[in-house]
Amino acid sequence: MSKRNPDRKSRAPWLAGAALLAALSVLPASAWAQQKTLYVGMNGGDMERAFTQYVFHDFEKANNAKIVVVPGTSTEVLAKAQAYKGSPQMHVMFLDDGVMARAASMGLCEKLRDDPVLKDLYPTAVMKDGMAAGIDMGMTGLGYNTRLFKKNGWAAPTSWMDLADPKYKGKVVFQSASNSTFGLHAFLMFNRIEGGDDQHTDPGFAKWSSTIGPNVLEYIPNSAKLAEMIQSDEAAIFPLTPTAIARLQKRDIPVEYVQPKEGSVILMVGECVIANNSEPDLAQKLALYLLSPQAQANALKYGGHFPSNRKVQADPANQDMLKQFQTYMETAKVLDWDAINATRAAFNARWNRTVER
């Protein structure tokens, strides 16, 4: 009869378990942690592709996280955040500056935690006492059709008031101020020149019909149609951003940007951490990372998004463009979005009734 150790069989499971624990103990800590998912509301298309492929990746890898984009326009993302205010479905959202001002006023944003990176931003990029911050800076100035200008022997425009020059009669294309940020920016700068401010727009409305109004060929709801109108030489001069101009130039459309002598208008995409979200610490960490030189350098290189962080070093292909952008920032104006939003419904109704009637 065999004289096997009677305890041998009972010890086998214990030994196997001990071996498994020993093996697991050498795995990295990240293997133990469950991957967390953050949902970010932002514009789809080019912006989503650039951030998903080249900006979010480093954060995901360093934090064992997955970032899922919830695409939509600023107003659509705001509506989603508002609808789920009591139980947020998103963690961070990107909104145009005017819409972001509304979001912060509605209590949808959680204040960004204090961090040295905030001191590296342009002062205008810190919004609503730190409730949000710009991650993509831009400005609205003037664009013009270089082919048409050359054909007519016209000098490049230099002022917002060039939109009222009689020689451009029927050649000004203007985005609707009730639908487009570009159109609103241009009107408010004209209004300032005429003596108004962002709360009081009577001067601009009073002078519109005798200055810029007669020159306008068409009020367009957005800039989608603009490329076609430039190529057909219908559009000579129009409000637009340096980024939009650069994209048109890449399509061989004959356009150029100019910074009006009165200054351009800051056009910024801001980010905020959504209040009461399910991952407040990780969401704050993501928001601060997106303000870092590393993240914003990649956003510039791969997406053409101008940085809010003044310490960003551009790659060789974008160095000249970044230097020019920094020059534009020196004279760019900031709008009072609280004043604008407080009267926006009445402004839109007046614009539609008296200008685009």
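Some points to look at:
- Peptides 49-60, 80-91 ordered by packing proxy, namely the average of other Cβ atoms within 10 Å per residue, highest first: 49-60, 80-91.
- 3J(HN,Hα) from dihedral phi, segment 83-97, Karplus parametrisation 6.51/-1.76/1.60, rounded to Hz, x for glycine, proline: 5, 10, 4, x, 8, x, 9, 10, 10, 9, 9, 9, 9, 4, 4
- Between the residues 290, 257, 343, the greatest Cα displacement towards the positive end of the dipole of the chain, with unit charges on the Cβ of Lys, Arg, Asp and Glu, is found for 290.
- Separation of alpha-carbon centers, segment 134-204 and segment 305-356, rounded to whole Å: 13 Å
- Taking the accessible area of segment 58-147, probe 1.4 Å, and keeping the other protein chains in place, the carbon and sulfur fraction comes to 52%.
- For segment 165-278, the residue among 232, 222, 274 whose Cα projects farthest onto the positive side of the dipole built from Cβ charges is 232.
- Segment 183-232: C-alpha gyration tensor shape, a/c 1.5 cut-off, then a/b vs b/c: prolate
- Amide H contacts of residue 38 (H built 1.01 Å from N, in plane; Pro and chain starts excluded): 66, 67, 68 sit under 5 Å, all sequence-distant by 5 or more or on other chains.
- One decimal place: the segment residue 111-residue 62 gains 15.3 nm when fully extended, by the rule 0.36 nm per residue minus the C-alpha distance.
- Peptides 329-337, 282-290 ranked from most to least packed by the mean count of surrounding Cβ atoms within 10 Å: 282-290, 329-337.
- Extension gain from residue 124 to residue 85, taking 0.36 nm per residue of separation minus the Cα-Cα distance: 11.3 nm
- Solvent-accessible heavy-atom area per residue, rounded to whole Å², over segment 58-102 at 1.4 Å: 45 Å²
- For segment 172-285: rounded, prolate or oblate by the Cα gyration tensor [a/c cutoff 1.5]: oblate
- 1.4 Å probe accessible area per residue over segment 248-357, in Å²: 48 Å²
- Taking the 1.4 Å solvent-accessible surface of segment 197-332 as the whole, the part contributed by carbon and sulfur is 47%.
- Three-way shape call for segment 33-130 based on the alpha-carbon gyration tensor, with the a/c threshold at 1.5: rounded
- Integer Hz, Karplus 6.51/-1.76/1.60 couplings in order for segment 242-251, x for Gly and Pro: x, 5, 5, 4, 4, 5, 5, 4, 5, 9
The values are calculated or read from the model by the stated rules, or taken from the named source; none is laboratory data. All values derive from a computational prediction rather than experimental measurement. Because the Cβ atoms are built from the backbone with ideal geometry, glycine has one as well, and the counts that use them run over all protein chains shown. Heads up: the accessible areas ignore ligands, DNA and RNA and are worked out on the full protein's heavy atoms, side chains in. Shrake-Rupley method; radii C 1.70, N 1.55, O 1.52, S 1.80 Å.
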